[in-house]
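Down below is the structure, laid out as structure tokens.
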Amino acid sequence: MKRIDHPLGPEELAPGSIFEVTHRGRTMRVTVPKGARYGTTLRVGELMVRLVRRATPPVCHHERVTDLVLSPAGAEEMVDTLVRSTKEGREFAGTCRVRPPAASEISGDEATRTWVIEGFETKVKGSASEVSSPPSDGSPLDWHTHPGLRGGFAGFSTQDERVVDARRRPMTVIGYTALSPQFLTALTIPLGGWGFAASLGLHALLQAEARVQGVDPKILRVGVAARVRFPGGRVLPMRLLDQPGWARVWSDATFHVDQAATKASQVANEAALKAWEQIRKKLPG
Ligand SMILES: [Zn+2]
């Protein structure tokens, strides 16, 4: 029996989608069955057809990107990754699988400036708050998590910003937005109180730590967001493909709150460091 490899894009691997195979002048229509993955072999007439990943066409240079869109599979992997990282209490890091949009998804000039995020390859599991450097594998985009319940959220630390500028590669942070129920219930701070929470430092972190056991796992799936920082300082949110209008307004609002919270926490951290310097100078010996 003849075996062939049939290349499929990730969006064509959905159950029920149809592709065509031609063998000995005969064209057969094949429906992708439920549970099909790359590597699945299907019997089609006298053929064995193995589904393989289509080579990804190149995406535009990061300086041109104005829009980052999560495919449904990419969005699910983003949430799964942050929930696992939060449960393990460690930062995860890796690279994104990125492709240009299909014509059915985004068309025209916008398509040439869009990256579709198809998934997140985990390369490194570090300790919390340690920024890990994933090895390069041809992907144009790195990511790392800010696990929840430790005071981390979807914003860039000064250290993250330095890494992006030094490596000249865009970096994604996956974290909880400052408006997520996880963040608000874990730290029970009012909106805008982030600077204060950050200045509480270790005490607040330990308290949040103590509450991790009591948090409903479903809550950990809400309020997950990804932001991308480009070399030079540009920051863009990742949005969902086919996001309804109200959801777009909501995600824009959380994006702006997180940007403000990022500034507040950086200012608080710097103030704490300066204060510590002053104290150290006065310590005996
Ligand atoms: Zn970070």
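Taken together, VAL30, VAL69, VAL49, VAL44 contain a single residue that is touching a Ser or Thr at 6+ places or on another chain (Cβ under 8 Å), surrounded by 14 or more Cβ atoms within 10 Å (Cβ to Cβ) and not assigned by TED's automatic domain parsing to the domain that holds LEU236, which is VAL49. Looking at the stretch 14-26 only, could you name the residues that are out of contact with any helix residue (DSSP H, G or I) (no Cβ under 9 Å at 6 or more places or on another chain) and buried (at least 16 other Cβ atoms within 10 Å of the Cβ)? Selection gives VAL21 alone.
Given the criteria closer than 15 Å to ALA225 by Cα and touching a residue at least 40 places away in the same chain (Cβ under 8 Å), does PRO58 qualify? Taking the combined requirement at face value, the residue does not satisfy it. HIS144 meets all of the listed conditions (1) within 11 Å of the ligand (Cβ to nearest atom); (2) at pLDDT below 90 but one, namely (2). Selection of the stretch 112-131 for residues being assigned to a helix (DSSP H, G or I) and either more than 17 Å from THR56 (Cβ to Cβ) or touching a strand residue (DSSP E or B) at 6+ places or on another chain (Cβ under 9 Å) (or both) yields only ARG113. For the stretch 1-105, the strands (runs of 3 or more DSSP E) that sit wholly inside it and include 1 or more residues that are at pLDDT below 90 are 2-8, 18-23, 26-31, 47-53.
The values are calculated or read from the model by the stated rules, or taken from the named source; none is laboratory data. Since we're looking at a predicted model, the values are computed, not measured. Every residue, glycine as well, gets a Cβ built from its backbone with ideal geometry; the counts of neighbours run over all protein chains shown.
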